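Visitor: Structure incoming, see below.
The values are calculated or read from the model by the stated rules, or taken from the named source; none is laboratory data. Bear in mind the structure is a predicted one, so any value in this text is a computation, not a measurement. Ideal geometry is used to build each Cβ from the backbone, glycine not excepted, and the neighbour counts take in all protein chains shown.
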Amino acid sequence: MKRIGKSMDIWQIKMPLLSFYRKVQAQNLEIRDVQFEEGWITFGTSPFNKREILRIFPKAELLQRKGIIGHIFIQLTDVKKIILLIFASGVWFFLSQCVFEVEYYGDKDLLKRKIEETLIENVHQIPFSKHELSIEEAEKILKEKYQDELSWLEVVEVGSKYQVYFVAKEVVETPQLKSDPLIATKDGMVVYFDVENGQKMVNVNQIVYKGDVLVNNILVDSSGNEKPLYVKGKVYGYTWYTIESMINESECKNIHDALVYLRLLFDCRNQISKEISDGERIESEKVLQFIHEEGKIKIKIHYTLYEDLTRP
Amino acid sequence: MITIDSNQVLIERFDRLEEVQTSKIIVHDQTGKFIIEGSSLRVKLFCKDEILILGKIDSVRLIRNEANR
């Protein structure tokens with residue numbers, strides 16, 4: 001026996017009970033909860049049987065619809081509601097085909113930016129359609145373009161979002177040991193040795209001059225025999241520079257001296273910064289002179305730098 | 001075929017209903033007729049060849065057709 005689910009239409013009709021049962025049986029209908037009161041028969045059927053009930057019992061009156069299916073049928077009887085439902089489904093379908101955000105999860109910011117730029121190049125702008133760039137296509141493009149930089153990449157679709165997960169390729173550089181000695185390329189005072197291999201030839205706080213050997217590649221043992229050594233490292237020390245800068249007085253007639261001073265100071269700092277690289281710094285800065293002379297304003301500053309004495 | 005429980009009776013492959021009241025329901029099948037008596041009897045489910053009757057059932061009697069005796 002087919003069982004009627006929880007969704008049910010409740011009907012009412014006035015007719016003799018036995019005739020009603022005969023008709024139901026003859027038409028192979030399934031009904032439930034039959035009640036008979038004062039000539040009125042109340043019964044329940046599946047919501048899908050509405051047309052059949054009306055065909056068999058034209059005088060039957062639908063009293064109530066129960067359950068989810070019944071509720072849906074009620075909603076679908078209104079044309080406006082159907083149109084709105086179709087429209088809403090269309091909007092939902094359209095929006096579900098778009099990507100509104102791309103998130104990037106990876107261990108290198110530089111690579112993250114590159115990946116982001118590449119994706120935007122391919123879609124022109126965000127949001128974009130999933131047909132314009134599917135996750136498979138995105139993965140293929142990124143893997144091909146960054147095959148030398150990527151160890152692993154995956155693009156995942158989460159709702160209206162793409163998430164790009166990647167791991168950058170790690171390049172391990174094997175240091176090549178050299179046997180050249182570390183020689184001072186400028187005058188200065190030794191402050192710190194950052195040396196892994198080699199024989200130190202000078203001490204901290206010692207004044208050294210350009211051309212002095214700071215770390216040697218030869219070790220003399222107790223027997224006086226020379227043994228070659230690899231040399232690797234840096235020797236940091238203080239070096240001294242005097243930087244000058246000047247400007248014509250005519251160029252700064254209406255400018256206060258303090259501003260001219262600042263301008264020349266920054267010019268000197270700009271010059272000295274060209275002497276500095278990673279791990280190095282200006283240790284001290286002393287203004288030696290700031291004068292008006294022969295129609296010019298001059299500044300002279302003495303700098304003490306902390307730098308690698310062996311850097312060319 | 002008839003299945004009887006404390007407060008319900010299921011009759012399968014029945015032919016027709018002869019009488020339906022809250023105190024008495026008569027159902028015909030090939031064997032004969034079933035007379036279900038009780039109180040507050042009502043038809044819970046009804047389709048082409050099955051009928052489920054609910055209520056306080058006092059007795060179910062079978063009266064065989066002449067041919068089946």
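Visitor: Does B:Val60 satisfy being more than 23 Å from A:Glu37 (Cα to Cα) and either modelled with pLDDT of 90 or more or of a type in the set (Ser, Thr, Tyr) (or both)?
Guide: Numbers: more than 23 Å from A:Glu37 (Cα to Cα): yes; either modelled with pLDDT of 90 or more or of a type in the set (Ser, Thr, Tyr) (or both): yes.
Yes; evaluated as a whole, the condition is true for this residue.
Visitor: Suppose we filter the stretch A:9-55 for residues that are away from chain B (no Cβ under 12 Å), surrounded by fewer than 21 Cβ atoms within 10 Å (Cβ to Cβ) and assigned to a strand (DSSP E or B); how many remain?
Guide: First, pick out the residues of the stretch A:9-55 that are away from chain B (no Cβ under 12 Å): A:9-15, A:38-40, A:47-48, A:50-55.
Those still in the list that are surrounded by fewer than 21 Cβ atoms within 10 Å (Cβ to Cβ) too: A:10, A:12-15, A:38-40, A:48, A:50-52, A:54-55.
Cutting the leftovers down to assigned to a strand (DSSP E or B) gives us A:10, A:12-14, A:40.
The total comes to 5.
Visitor: Are any of the residues in the stretch A:101-112 part of a helix (DSSP H, G or I) and under 9 Å from the mean Cα position of the chain (by Cα)? Don't jump to the end; show me each part of the working.
Guide: To start, the set of residues in the stretch A:101-112 that are part of a helix (DSSP H, G or I) comprises A:109-112.
Okay, now just the ones that are also under 9 Å from the mean Cα position of the chain (by Cα), so A:109, A:112.
Yes, some residue in the stretch A:101-112 is part of a helix (DSSP H, G or I) and under 9 Å from the mean Cα position of the chain (by Cα).
Visitor: To continue, here is another question. All but one of (1) at pLDDT 85 or above; (2) away from every other protein chain (no Cβ under 13 Å); (3) not in a loop (DSSP other than H, G, I, E, B) hold for A:Pro58; state the number of the condition that does not hold.
Guide: Evaluating A:Pro58 over (1) at pLDDT 85 or above; (2) away from every other protein chain (no Cβ under 13 Å); (3) not in a loop (DSSP other than H, G, I, E, B) leaves (3) as the failure.
Visitor: Follow-up. If I ask for residues that are surrounded by 17 or more Cβ atoms within 10 Å (Cβ to Cβ) and closer than 14 Å to A:Gly106 by Cβ, which ones from the stretch A:163-184 would you list?
Guide: Of everything in the stretch A:163-184, those that are surrounded by 17 or more Cβ atoms within 10 Å (Cβ to Cβ) and closer than 14 Å to A:Gly106 by Cβ turn out to be A:Val164, A:Phe166, A:Ala168.
Visitor: Also: I need the full set of residues from the stretch A:66-124 which are among the basic types (Lys, Arg) and touching a helix residue (DSSP H, G or I) at 6+ places or on another chain (Cβ under 8 Å), in order please.
Guide: Just the residues of the stretch A:66-124 that are among the basic types (Lys, Arg), to begin with: A:66, A:80-81, A:108, A:112-114.
The one that is among the basic types (Lys, Arg) and touching a helix residue (DSSP H, G or I) at 6+ places or on another chain (Cβ under 8 Å): A:Lys81.
Visitor: A further question on this structure: For the stretch A:235-277, name all the residues that are out of contact with any Leu (no Cβ under 9 Å at 6 or more places or on another chain), of a type in the set (S, T, N, Q) and loosely packed, with under 15 Cβ neighbours inside 10 Å.
Guide: Answer for the stretch A:235-277, where residues must be out of contact with any Leu (no Cβ under 9 Å at 6 or more places or on another chain), of a type in the set (S, T, N, Q) and loosely packed, with under 15 Cβ neighbours inside 10 Å: A:Asn248, A:Ser250, A:Asn254, A:Asn270, A:Ser273, A:Ser277.
Visitor: Can you tell which of A:Val204, A:Val171, A:Val190 is part of a strand (DSSP E or B) and aliphatic (A, V, I, L, M)?
Guide: Numbers: A:Val204 fails: part of a strand (DSSP E or B); A:Val171 fails: part of a strand (DSSP E or B).
Answer to the selection: A:Val190.
Visitor: With B:Asp5, B:Asp15 as the choices, which residue is within 25 Å of A:Gly44 (Cβ to Cβ) and away from chain A (no Cβ under 11 Å)? Spell out the reasoning first.
Guide: Numbers: B:Asp15 fails: away from chain A (no Cβ under 11 Å).
That would be B:Asp5, the only listed residue that is within 25 Å of A:Gly44 (Cβ to Cβ) and away from chain A (no Cβ under 11 Å).
Visitor: While we're here: On the basis of being within 14 Å of chain B (Cβ to nearest Cβ), among the acidic types (Asp, Glu) and surrounded by 12 or more Cβ atoms within 10 Å (Cβ to Cβ), does A:Glu101 make the cut?
Guide: Judged against the criteria, A:Glu101 is not a match.
Visitor: Would you confirm, using the coordinates I've provided, whether A:Lys227 is part of a strand (DSSP E or B) and free of Cβ contacts under 8 Å to residues at least 12 places away in the same chain? Step through it out loud before you land on a result.
Guide: On the way: part of a strand (DSSP E or B): yes; free of Cβ contacts under 8 Å to residues at least 12 places away in the same chain: yes.
Here the answer is yes, as A:Lys227 does meet what is asked.
Conditions tested, residue by residue: (1) surrounded by 17 or more Cβ atoms within 10 Å (Cβ to Cβ); (2) polar (S, T, N, Q); (3) free of Cβ contacts under 8 Å to residues at least 60 places away in the same chain; (4) not assigned by TED's automatic domain parsing to the domain that holds A:Lys234.
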| residue | (1), (2), (3), (4) |
| --- | --- |
| A:Lys143 | no, no, yes, yes |
| A:Phe193 | yes, no, yes, no |
| A:Ile207 | no, no, yes, no |
| A:Lys210 | no, no, yes, no |
